[in-house]
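K.L.:
My questions will all concern the structure given below.
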Amino acid sequence: MALLYLISKFQQHEKAYIHCVHVHHGLRDTAERDAQCVSGYCRAHAIPFTLIRIDIAAGSNLEAAARIERYKALRRAAADNDIRLIALAHHMEDQAETMLMHLMYGAGMAGLSGMREELLDIWRPLLKVRRVELLNLLRDRGIAWCEDETNCDTRITRNAIRLQLMPVMAGIYPGFIDRMAQTADILADEEDALRDHTHRWLNQNAHISESFCWFVKEQYLDASVALQRRVLRAMTQVRQLNLDFTQTERLRRNIIAGTSKTVNLPSHCHAYVTDQRVHIIPPDPVSPPIGEVKVAYPANSLGDGVFTQAFDADMMSGAVLRHRQPGDSIHPLGATGTQSLKQYMIDKRIDKPFRAAWPVLAVGDHVMWVIGYGISQKGAVMANSSRTCFIEYLGSLPDGRENLGGAGR
């Protein structure tokens, strides 16, 4: 109610549009009273009002489920009314409670920095305001408010912190709430700096796409422990995983020790560790789109051997750009005979997660060119080649190399 009053005053000065949304959870007998209190104030002050009733499925954590559904309802209402910012009334005591809860749960810096005043579409303008100041404001202005009687239920962790722990802390150090708000600001700024550092590291040492998610192992091993943990959390979040501390440490220590190539992760994902990279692999990997080839006659150079290559044109008749298939073979240039494509990729140390998606140029089941690595003896330009062609691969390789045009020309 204090937020509603202050926002309405802000509207008068800044000509902003506000819309009040009350979410009715239907969990308390007095919930209807709360809704009427808010709607009555909005009617009296000509503030647009929406009441949203939601159903909370029975579960082990009713508070968490109600919070998730409440935020969904607020965002739906914002979208329906073309509103870009959702203002919430969390105050300084709420911030302290949140920090203490996260400390108990074993959170890192992100959790210990508490709630942000501005984050995406959420605005918490009262985070620097004490609860008593808000109550005094309501009393001074004669504005009615409602108390949620379940706030006295100390079986709920947040309530126990507020009613049992915080009074003891106030007796030991009366200004602890203000100091905790200060700590939240400090940690939030430091969290932002470390997050930016992590993003820079990922930009230099990782590859993230719909099909592949990996980072370079050598640079990872040289990083600090704090950065190692942040990299793992960031990379697994790409696959919608939120690892706890124990899961993060198990994966981190396995990468360092090199005890296993495969580490199981939640939601049927897994990490795969090679000599060069650490891959985060979902249960159903998505094959990347294959690129294309451009052919020119005759070849005016041998090519760079990565994205461009000269071939004996007569031997390339019917060549098809595709991914690896069972039964594929190759006669490596300079070798005495053919071998399976699988063995060739192993010898070339192509990471196992890459192999099925690696682009090859093949005639039937004989691979003439493993893009980025090498060609078959059968397609090589020889002294007796009557016709030559120059082929350029346009597209990306699973290891992050890409050619958007003009390579080797």
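Bear in mind these aren't lab numbers, they're just calculated from the coordinates by the rules spelled out. Values in this document were obtained by computation on a predicted structure and should not be read as measured data. Positions of Cβ are backbone-derived with ideal geometry, glycine not excepted, and every protein chain shown enters the neighbour counts.
K.L.:
How long are the three semi-axes of the equivalent ellipsoid of the chain, in whole Å, if each is the root of 5 times an eigenvalue of the C-alpha gyration tensor, listed from largest down? Numbers along the way, then the final one.
P.N.:
Working: eigenvalues 746, 121, 69 Å².
They are 61, 25, 19 Å, listed largest first.
K.L.:
Please tell me the relative contact order of the range 106-238 in percent, rounded to the nearest whole number, where contacts are Cα pairs under 8 Å and at least six residues apart.
P.N.:
Here the relative contact order equals 24 percent.
K.L.:
Right, next: Could you give the size of the charge dipole of the chain about its Cα centre, using +1 on the Cβ of each K and R and -1 on the Cβ of each D and E, expressed in debye and rounded to the nearest 20?
P.N.:
380
K.L.:
Follow-up question, since we're still on this one. Quick one: 3J(HN,Hα) in Hz for the range 383-390, Karplus 6.51/-1.76/1.60 with θ = phi - 60°, rounded, Gly and Pro as x.
P.N.:
4, 9, 5, 7, 9, 10, 9, 10
K.L.:
Can you pull the semi-axes for the range 209-281, root of five times each eigenvalue of the Cα gyration tensor, sorted largest first, whole Å?
P.N.:
After scaling each eigenvalue by five and taking roots: 16, 14, 12 Å.
K.L.:
List every residue whose amide H lies under 5 Å from the amide H of L243, counting only residues 5 or more places away in sequence or on a different chain, with H placed 1.01 Å from N in the peptide plane.
P.N.:
Amide H to amide H, under 5 Å and 5 or more residues apart or across chains, L243 pairs with nothing.
K.L.:
Can you give the angle from 0 to 90° between the axis of helix 131-141 and the longest principal axis of the chain, with both taken from C-alpha atoms, to the nearest 10?
P.N.:
For helix 131-141, the angle is close to 50 degrees.
K.L.:
For the range 2-183, take every pair of Cα atoms, bin their distances at 5 Å starting from 0, and report each bin as a whole percent.
P.N.:
1, 7, 13, 18, 21, 18, 12, 7, 2, 0
K.L.:
Each residue of the range 183-196 in turn: what ³J(HN,Hα) in whole Hz from Karplus with 6.51, -1.76, 1.60 and θ = phi - 60°, glycine and Pro shown as x?
P.N.:
Working through the residues one at a time gives 4, 4, 5, 4, 5, 5, 5, 5, 4, 4, 5, 5, 5, 5 Hz.
K.L.:
Let me ask something else. So which trypsin sites (Lys or Arg not before Pro) in the range 118-169 are both in a DSSP loop and have at most 10 other Cβ atoms within 10 Å of their Cβ?
P.N.:
On the way: sites: K128, R130, R131, R139, R141, R155, R158, R162; in loops: K128, R130, R155.
Sites meeting the loop and neighbour criteria: R155.
K.L.:
Cross-link candidates for K217: which aspartates and glutamates have Cα within less than 18 Å, leaving aside residues fewer than 8 places away along the same chain?
P.N.:
E249, D275, D351, D399
K.L.:
While we're on this one: Looking only at the chain, where both bridge partners belong to it, what percent of the DSSP beta bridges are antiparallel (to the nearest 5)?
P.N.:
Of the beta bridges lying entirely in the chain, close to 85 percent run antiparallel.
K.L.:
While we're on this one: Go through H19, Y373, L232 and say which Cα lies farthest out towards the positive end of the charge dipole of the chain; charges sit on Cβ, +1 for Lys and Arg, -1 for Asp and Glu.
P.N.:
Working it through, the farthest residue towards the positive pole turns out to be Y373.
K.L.:
Please get the size of the charge dipole for the range 2-183, origin at its Cα centre, with Cβ charges of +1 on Lys and Arg and -1 on Asp and Glu, quoted in debye to the nearest 20.
P.N.:
260
K.L.:
Sticking with this one: Starting from the coordinates of the alpha-carbon atoms of the range 317-409, obtain the Kirkwood hydrodynamic radius over all distinct pairs and give the value in Å to one decimal.
P.N.:
13.9
K.L.:
Calculate one ³J(HN,Hα) per residue across the range 371-382 by plugging θ = phi - 60° into the Karplus curve 6.51 cos²θ - 1.76 cosθ + 1.60, and present them in order as whole Hz with x for glycine and proline.
P.N.:
Per residue, the Karplus-derived 3J(HN,Hα) values read 3, x, 10, x, 10, 8, 4, 5, x, 5, 6, 10 Hz.
K.L.:
Can you pull the three principal axis extents for the Cα set of the range 195-243, in Å, largest first?
P.N.:
The Cα atoms of the range 195-243 stretch 26, 19, 18 Å along their principal axes.
K.L.:
Relative contact order for the range 292-403: what percent, with Cα pairs under 8 Å and sequence separation of 6 or more?
P.N.:
The normalised contact order for the range 292-403 reaches 42 percent.
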